[in-house]
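Notes follow once the structure below has been shown.
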Amino acid sequence: MEFSTEELAPIAEQIAELCVRKMEREQDRQIMALENGLRQGLKKLGGMVLTSTLSQAERELEREIACQCGGTLHYQRRREAKIESLFGWVEYERSYYAECECSKGKAPLDEEFGLEPGKVTPGLARLLALAGLGLPFGESTNWIDEFLLLELSENSIRKETQSFGQYQVDCEEKLKGKCQDEAYLQERIRTETEQPEQLYGSLDGAHVRIEDPEENEKWRETKVGCWYRVEVVPVNQQTQRHRKKKEIGYQALRAKDQQYYCDIQEVDDFEPLFWATGCQAKADLAKELVFLGDGAKWIWRLVGTHYPNAVQIVDWYHAEEYLEKVAKDAFPNGEKRNTWLEDARTSLWWGDTSFVIRACQALALRSEEASTALTYFRNNEHRMQYDHFRGKGYMIGSGTIESACKQIVSHRLRCSGAQWKVEGARLTAKARAAWLSGKSSWETLCSLRAKLPLAA
């Protein structure tokens, strides 16, 4: 619902005249006082309009309506209800029906507008959830007070935030069910006309501290995934870091159209979500699928099982980090350390992984880090052909998924003093992932909140 300027102009003129009279009477012509007064006044006005609108919104009164049980509900009376909206608490009247054999009652207006008496409206729920996604629940109460002029409890914000996480879980469960249906998958292959030319995928994990008496573990891993496309950074948007990459033979690339997903689960339980979100992103139909990750075995097991034709790339920076650890551990002398590291790094950059393996092997007997790195490079040699990958125009850094872990987990779930139960952390992370995935994903959850099947 939108209002045109023409529709609102007469009302605005009346409010302006009221403001002028109040300023003259109170001898206060400060813009801040005017703005604050308007905010408070418009909040009151919004509440009055919402009350009147809901009380007048019912269609023609019916004496009888159908009950969900198959019986008949009979009109009783106009019954008062109270909801908390963007404008504060609002009281309204609506028709109430009862006297069915199932003993249930119903207020059709509440169902039509997605209202639950005594609770918050969908519009307010949306903003409470956003506040809880961005800030610790305790701090978010101050945000709500400052911006919406409403006093709400920490628990109210927590509840709405995690409710949005539950809507995301519900969406994912439906998606997983569809993507386990062989008939659906075959039909999809036959009928899908749009196949991505190129698609990227990444997986990683980030740990959350759990303060739950029922949990023996103090930390749980949140598995985070992302499907995305890649584009060349325009010259006018390139930073010094981008230009530096260009100097060493690497295109300046960046991710776009990111779709995030996550869960606090073991790998086997997480696997259906990995497959289902991939189907949603058309990873299985992509003409070229490129997958980036660190050396974690669980990542490459999932990729190899579901997308055996994907190009597999170990993140360059993780590989480089292994070399730095070896150099630091094996060479106390700074000059020798720098020489070894530069030779190994250059060889790795140009795809000579065999040189790196030999260099680590020569140090393995006296360096534990070298022994660890040797295994790492041997296991991932085919995922480290960086000269070939760059030649094909592939992104070789997993900054996209590293950023996802920070945005979804670190920036919110690992705030100072944060204490989580597993389910609370899980739902908050899922809601945050949906929000970060863009407007379409978030609006899907908001529409679910607005259409909840509620009873009076």
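Brief remarks follow.
- Subtracting the Cα-Cα distance of residue 194 and residue 237 from their residue separation scaled by 0.36 nm leaves 12.5 nm.
- Projected label distance in nm at residue 78 and residue 346, using a 7 Å step from Cα toward the beta-carbon: 8.7
- Calculated FRET value between residue 421 and residue 288, using beta carbons and R₀ = 51 Å, to 0.05: 0.75
- For the stretch 1-119, the equivalent ellipsoid built from the Cα gyration tensor has semi-axes of 41, 14, 11 Å, listed from largest to smallest.
- Computed FRET value (nearest 0.05) for residue 166 with residue 29, which takes r as the C-beta separation and R₀ as 51 Å: 0.55
- Here the Karplus curve 6.51 cos²θ - 1.76 cosθ + 1.60, taken at θ = phi - 60°, turns the phi angles of the stretch 218-223 into couplings of 8, 10, 10, 7, 8, 7 Hz, with x standing for Gly and Pro.
- Listed residues 393, 436, 49: farthest to the positive end of the dipole of the chain (Cβ charges): 393
- Förster-model FRET efficiency, 25 Å R0, residue 174 and residue 321, C-beta, rounded to 0.05: 0.05
- Applied to the stretch 96-109, the Karplus parametrisation 6.51 cos²θ - 1.76 cosθ + 1.60 on θ = phi - 60° returns per-residue 3J(HN,Hα) values of 10, 10, 7, 6, 8, 4, 7, 6, 9, x, 7, 10, x, 4 Hz, with x for Gly and Pro.
- Counting DSSP beta bridges with both ends in the chain, the antiparallel % (nearest 5): 75
- Point-to-point label distance, residue 267-residue 251, nm (Cα→Cβ direction, 7 Å offset): 3.2
- Student exercise, the stretch 283-435 dipole from Lys, Arg, Asp, Glu Cβ charges, in Debye to nearest 20: 620
- Rounded if a/c under 1.5, otherwise prolate or oblate - the stretch 73-206, Cα gyration tensor axes: oblate
- Residue-wise HN-Hα coupling along the stretch 346-362, computed from phi with Karplus coefficients 6.51, -1.76, 1.60 (Hz; x: Gly, Pro): 5, 4, 5, 4, 8, x, 8, 5, 4, 4, 5, 4, 5, 5, 6, 4, 5
- Straight-line cross-link reach from residue 119 at under 18 Å between alpha-carbon atoms covers these lysines, not counting any fewer than eight positions away in the same chain: 82, 106, 159, 451.
- Amide hydrogen neighbours beyond the local backbone of residue 210, cut-off 5 Å, H modeled: 219, 220
- For the residue pairs 22/43; 223/421; 256/421; 325/430, alpha carbon separations beyond 25 Å are given by 256/421; 325/430.
- Cut-off 12 Å between beta-carbons: net charge of the residues surrounding residue 195, Lys and Arg +1, Asp and Glu -1: -2
- Packing, as the average of other Cβ atoms within 10 Å across residues, places the peptides 279-290, 426-437, 24-35, 205-216 in the order 426-437, 279-290, 205-216, 24-35, highest first.
- Were the residues from residue 338 through residue 186 laid out at 0.36 nm apart, the gain over their Cα-Cα distance would be 49.2 nm.
- Amide H contacts of residue 224 (H built 1.01 Å from N, under 5 Å, at least 5 apart or other chain): 204, 205, 206
Every read-out reported here was derived from the displayed coordinates using simple, explicitly stated rules and does not represent laboratory data. Being a predicted model, the structure only gives us computed values, none of them experimental. Here Cβ is always computed from backbone atoms with ideal geometry, including for glycine, and neighbour counts include all displayed protein chains.
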